[in-house]
Amino acid sequence: MSMSRRRLLGLAALNSAAALGLTTITTSRARASAPADFSPAVVIGTGYGAAVTALRLGQAGVPTLMLEMGQLWDTAADDGRVFCDMLAPDRRSMWLKTRTQAPLATFLWADINRDIERYAGVLDRVDHGAMSVYVGRGVGGGSLVNGAMAVTPKRSYFEEILPGVDADEMYGTYFPRANAALGVNNIDPDWFETCKAYQYARVSRKHAHNAGLNTTFVPSVYDFDYMRREEAQEVPRSALASEVIYGNNHGKGSLDKSYLPAALGTGNVTIRTLHEVRGIRRQPDRTYVLQVRELDTAGNVVATREIGARYVFLGAGSLGSTELLLRARDTATLPNLGAEVGQGWGTNGNVMLGRANHMWDTTGAVQSGMPALGIDAWDDPAHPVFAEIAPMPAGTELWVSLYLAITRTPERAHFTYDPAADAARLSWTADQGQPSIEAAKVMFDKINRVNATVYRTDLFGDTRAFEDRFTYHPLGGLVLGEATDSYGRVAGYDNLYVTDGSLIPGSTGVNPFVTITALAERNIERVLAEDIS
Ligand code: FAE
């Protein structure tokens, strides 16, 4: 069967599971061969690393079960939409919260968050004291909520952060493979110049160029042809209708449109939703047993069960996978795990900030929720910064330029296991954001000076200009070559693997999902060749 026909089969399985409200998503072939509580391979999570791994296992004929704590996002609610937008968030917006927790908390110091019904929504914010981490919850993980920016890191920096990985192979084979499978596309530069919804990006570009800085287009998994038709009013709007961070109803090539239907289409992959893995232990026969909680959409535990597996792949994201192994080490269900588990975590140097523009520099009432441009000063020897020009899609003119800066910072944190809470705790302290703020400040002080503009100090709940208390890019905790070997095999245990952002030591210098995807492609190829019979 051809790849595209398999993918269609997988899409059909996703659609029919959603329509029937099922928590098990599978094609009939996989259903026939899957015993309920044992699977030769289990993949925890359905984000980037997990999706790559499941597809390649499925293609190799390995029956594979994916366990995802979030929901399948494929069924329209009463308003006819799967996801809600940023301007009118409802219970679909956030994971088991009673109030939204938008990263941009205030405007003119007025709280823009709203009360919502507690529900298994799509965006989670996990608070770890001085650091809050935003993550996606659902079939597709972060791909459901993210800004779709698909950036391949600079080779010199990649070589620096992961010196044990063959960069020739990555840039020759695995980055191209990842970009192709993710469906990465580029904006037509001529259209960019005319598209009203990118006025905000053009204004920021002008200000950056006035300061002598370079800008660069950012590849995306949002379909720019679809966006062009949105602008022409030919199709329902998504990026142009303030849809970002709480999901996109159209246009975005999230993993449930790319890797995951392809994986299901192999006939060997099954996804169970609202299944949260809590524990891992090893049996005398060297197979693994996972403790799993089944949740309802209000977050109640409706059942607990054990699922056995011969091969276990951790793809629960930097926070999720690290917590699982920390708990397993410190409660002695996997006592041979080493001291490297929980180390090397970073924020990718994230800092958010806004600038106030002059009256004549309008940024537009309709702003594309999907960024297309970045300010690239990564080669600055003293203060490397890659700043994405972010939208503020409020539906009205605000004269604000917003940015998410990725900075190069030496600051790292580690996780410890808190037995009382049965949870991981992050050691990050408030002062650790300072090097990132300083780097961003150098870039944006210069932009402000040259353009006679100022920072906005009303956006982050108090009067700060730089928001360094959250990250969209959690990385590390189970670093490649430290907590694992150089292919993600967990040190101390065979047949146990890490596939996600926890492998990357705290920084990629760009938005991370292409790196996570490419690394997972590289690792699973080796594991399939050497470990799986
Ligand atoms: P991830 O995608 O986080 O997937 C982990 C999955 O595992 C999730 O579905 C979880 O629900 C699930 N899970 C966790 N714990 C468990 C458990 N115990 N049992 C069962 N399931 C579990 O992992 N990156 C870019 O490159 N470009 C962007 O434009 C961009 N924008 C972003 C915007 C926002 C608002 C956010 C939050 C992130 C953004 N990111 C962006 C980051 C990107 O989405 C993130 O690096 C990847 O999603 C991480 O991929 P992983 O495979 O590590």
Checklist entry - Can you list the residues, at least 5 places off or on another chain, whose amide H is less than 5 Å from the amide H of VAL218, using H built in the peptide plane? => result LEU373, GLY374
Item to check | Virtual spin-label span in nm between ARG118 and GLU530, 7 Å along Cα→Cβ | outcome: 4.7
Checklist entry - Against the longest principal axis of the chain, how steep is helix 3-20, in degrees 0 to 90 to the nearest 10, with axes from Cα atoms? => result 90
Checklist outcome for this item: Relative to the compact-globule estimate 2.2 N^0.38 Å (N residues), the Cα gyration radius of the range 468-510 stands at a ratio of 1.26
Item to check | Backbone HN-Hα couplings from phi across the range 305-318 [Karplus 6.51/-1.76/1.60, Hz, Gly and Pro as x] | outcome: 8, 10, 10, x, 7, 8, 10, 10, 10, 8, x, 8, x, 4
Checklist entry - What accessible area per residue comes out for the chain, rounded to a whole number of Å², with a 1.4 Å probe? => result 36
Item to check | Qualifying trypsin sites (Lys or Arg not before Pro) for the range 263-363 [loop in DSSP, other Cβ within 10 Å: at most 14] | outcome: ARG286
Checklist entry - Where does the chain land at 222 nm, in deg cm²/dmol rounded to the nearest 500, when only DSSP H runs of n ≥ 4 count, each adding -39500 (n - 2.57), divided by all residues? => result -7500 deg cm²/dmol
Item to check | Carbon/sulfur fraction of accessible area - the range 197-241, other protein chains in place, 1.4 Å, % | outcome: 43
Checklist outcome for this item: Here the convex hull volume per residue of the range 324-431, taken over Cα atoms and given in Å³, is 177
Next on the checklist: Explain nothing, just the number: relative contact order of the chain, from Cα pairs under 8 Å at least 6 residues apart, as a whole percent.
Outcome noted: 22
Next on the checklist: If I take every Cα pair under 8 Å that is 6 or more residues apart in the range 127-254, average their sequence separation and divide by the length, what percent do I get for the relative contact order?
Outcome noted: 32
Item to check | Vicinal HN-Hα couplings computed from phi for the range 264-279 (Karplus, 6.51 cos²θ - 1.76 cosθ + 1.60; Hz; Gly/Pro x) | outcome: 4, x, 5, x, 10, 10, 10, 10, 10, 9, 6, 10, 9, 7, 10, x
Checklist outcome for this item: Count of lysine pairs, the chain, Cα-Cα under 26 Å, sep. 8 or more residues or interchain, comes to 9
Next on the checklist: As an exercise, take the mean of 1/r over every pair of distinct alpha carbons in the range 94-163, invert it, and state the Kirkwood radius in angstroms.
Outcome noted: 14.6
Item to check | GluC sites (Glu not before Pro) restricted to DSSP loop in the range 172-242 with at most 11 other C-beta within 10 Å | outcome: GLU234
Checklist outcome for this item: In whole Hz, the Karplus estimates of ³J(HN,Hα) for the range 398-410 (6.51, -1.76, 1.60; θ = phi - 60°; x where Gly or Pro) are 10, 6, 10, 10, 10, 9, 10, 8, 9, 10, 9, 9, x
Checklist entry - How many percent of the accessible area of the range 408-533 is carbon or sulfur, using a 1.4 Å probe? => result 52
Checklist outcome for this item: Ordering ASP330, ASP500 by the accessible surface of their heavy atoms, 1.4 Å probe, largest first, yields ASP330, ASP500
Checklist entry - Against the longest alpha carbon principal axis of the chain, how many degrees, from 0 to 90 and to the nearest 10, is the axis of helix 434-451 turned? => result 30
Checklist outcome for this item: Shape descriptors of the range 159-234 over alpha-carbon atoms, Rg and Dmax in angstrom, are 16.7, 49
Item to check | Against the rule of thumb 2.2 N^0.38 Å, how large the Cα Rg of the range 1-160 comes out | outcome: 1.23
Checklist entry - Over all pairs of distinct alpha carbons, what does the Kirkwood formula give as the hydrodynamic radius of the range 145-300, in Å? => result 19.6
Checklist entry - Helix 513-530 sits at what angle to the longest principal axis of the chain, using alpha carbons and giving 0 to 90 degrees rounded to 10? => result 20
Checklist entry - Based on Cβ point charges of +1 for Lys and Arg and -1 for Asp and Glu, what charge dipole magnitude is obtained for the range 125-184 about its Cα centre, in debye rounded to the nearest 20? => result 340
Item to check | Sites matching chymotrypsin sites (Phe, Trp or Tyr not before Pro) across the range 291-397 that sit in DSSP coil, with at most 11 neighbouring C-beta atoms within 10 Å | outcome: TRP360
Next on the checklist: As an exercise, take the mean of 1/r over every pair of distinct alpha carbons in the chain, invert it, and state the Kirkwood radius in angstroms.
Outcome noted: 23.2
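The values are calculated or read from the model by the stated rules, or taken from the named source; none is laboratory data. Just so it is clear, the model here is predicted, and its values are computed rather than measured. Counting neighbours? That spans all protein chains shown, and the Cβs are built from the backbone with ideal geometry, glycine included. Only protein heavy atoms, including side chains, enter the accessible area calculation; ligands, DNA and RNA are left aside. Shrake-Rupley method; radii C 1.70, N 1.55, O 1.52, S 1.80 Å.
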